[in-house]
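Readers should treat all values here as calculations from the given coordinates under stated rules, not as data from a laboratory. As the structure is a prediction and not an experimental result, all values here were calculated from the model. Here Cβ is always computed from backbone atoms with ideal geometry, including for glycine, and neighbour counts include all displayed protein chains.
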């Protein structure tokens, strides 16, 4: 039976999947997560899926190991985190549309627009992707990345196209 955890302040703490309590995969079980969301890049960067629905997807990532030469979080790492959150949310929407139409659908990224606001040297960052548009052919998610104190690090607009797989 799937268990869900309410995330009141997803930026707090740096708990791993194992010690953060039951995880909500937004209807996806752990096996489905491993088959469809687990990526080599996400593992290398230490990304942790907290919850995944079409309306809102939350992923946490450590700063350590994802820094650039100045010792601050790399903008490319932040972009990868944002794209992952937006793409997972779009994928959830594509699957729902596919179930309704009897067609196997997937989401593919088409555009990522980033704004880096504040640097960070340690701790964790959390990306929260919220749906702005969930259409039959496209999705748009606004992704906000915050530090452990809830301060905004970056913002992003992530667009995806829904296509047949």
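A few comments on the model shown:
- Normalised contact order of segment 30-164, rounded percent, pairs of Cα under 8 Å and 6 or more residues apart: 26
- Using every pair of distinct Cα positions in segment 30-164, the Kirkwood expression returns a hydrodynamic radius of 14.9 angstrom.
- Between segment 136-165 and segment 57-105, the alpha-carbon center distance in angstrom: 7
- A crude spin-label estimate for the pair residue 103 and residue 70, with each label 7 Å from Cα along the Cβ direction, gives 4.6 nm.
- Ranked by how many other Cβ atoms sit within 10 Å of their own Cβ, fewest first, the residues 81, 49, 112 fall in the order 112, 49, 81.
- As a proxy for reagent exposure, 147, 38 were ordered by neighbouring Cβ count within 10 angstrom, fewest first; the result is 38, 147.
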